[in-house]
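Asks: Sharing a structure, written as structure tokens. Questions coming.
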Amino acid sequence: MSNSKTLKNVNVYCDGFNFYHAIDALKKNHLKWINYIKMAESFLRHDEHLHKTYLFTSLTTLSSEKRVRNQCFLDAQRAVGTELVMATFKTAKKYCRKEGKYCKFKEEKGNDINIALQMVADANDGAAHRMVLVTADTDQIPTVEYIRTRFPDIEISLFIPPGRRNEARDLGRLFVNPVEISEGRIEACLLPHEIKAANGKTIIIPPEYIKVPH
């Protein structure tokens with residue numbers, strides 16, 4: 001049997017904003033209580049070891065209610081060992097078809113560049129034998145191309161959030177076998193309803209994320 005000294009290191013890079021909206025579109029709120037560490041472990045092969053799982057995200061500013069729920073989720077991720085890389089929300093003006101005018105929108109800024117920088121930094125440090133990118137965002141095409149050119153010994157895999165295969169079409173062309181994450185995989189990788197943090201605090205699942213029985 002392989003031991004940790006012979007296993008290959010795998011780093012997983014999760015685009016939290018992209019993944020959240022994919023789950024939101026499914027209209028199954030309980031799937032938002034995802035355990036990114038557990039999901040990352042489900043990507044591993046028999047000769048691999050999960051070295052790091054990054055979640056690239058931000059703390060919402062859309063409403064105080066959502067902010068509290070979002071903070072609870074982030075605390076839960078830290079408690080299970082996910083490494084958070086935070087971006088910020090900023091206001092931007094965009095044309096709104098519904099209103100027929102330019103309106104102010106809250107947008108997450110810095111997420112894409114954070115993913116790219118972390119992947120390149122890890123590649124430069126030799127931190128992983130394989131990198132798993134979890135996104136449907138085509139903005140990561142240059143990142144994948146750069147790492148493959150400069151670090152050909154590092155394998156990169158793509159796992160696409162559920163329902164986003166078409167959105168990830170151009171990014172997916174860079175991979176022989178991109179995998180769309182199924183609802184079943186997410187269902188099997190949820191956080192427990194109560195989590196004990198390192199500081200002794202008990203983190204409890206928000207009521208909105210509890211699965212409603214049929």
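Where a number appears in this text, it was derived from the coordinates with a stated rule and is not lab data. Fair warning: this is a prediction, and the values are worked out from it, not measured in the lab. Note: ideal-geometry Cβ built from the backbone for every residue, glycine included; neighbour counts use all protein chains shown.
Asks: Relative contact order (percent) for segment 8-209, with alpha-carbon contacts under 8 angstrom and 6 or more residues of separation?
Replies: The normalised contact order for segment 8-209 reaches 26 percent.
Asks: Please state the charge dipole magnitude for segment 8-209, taken about the Cα centre, from unit charges on C-beta atoms (+1 on K and R, -1 on D and E), reported in debye and rounded to the nearest 20.
Replies: 820
Asks: Would you mind telling me the antiparallel percentage of the DSSP bridges in the chain, rounded to 5?
Replies: 35
Asks: Only one of the values (1) 0.98; (2) 1.06; (3) 1.20 was calculated from this structure for Cα Rg over 2.2 N^0.38 Å; name its label.
Replies: (2)
Asks: May I ask which residue of Asn70, Val179, Gly126 lies farthest towards the positive end of the charge dipole of the chain, with charges of +1 (Lys, Arg) and -1 (Asp, Glu) on Cβ and the Cα centre as origin?
Replies: In the chain, that residue is Asn70.
Asks: Under a 5 Å amide H to amide H cut-off, with H placed in plane at 1.01 Å, what residues pair with Val12 once short-range neighbours are removed?
Replies: Residues meeting the criterion, in which the H sits 1.01 Å from N, are Lys52, Thr53, Tyr54, Val132.
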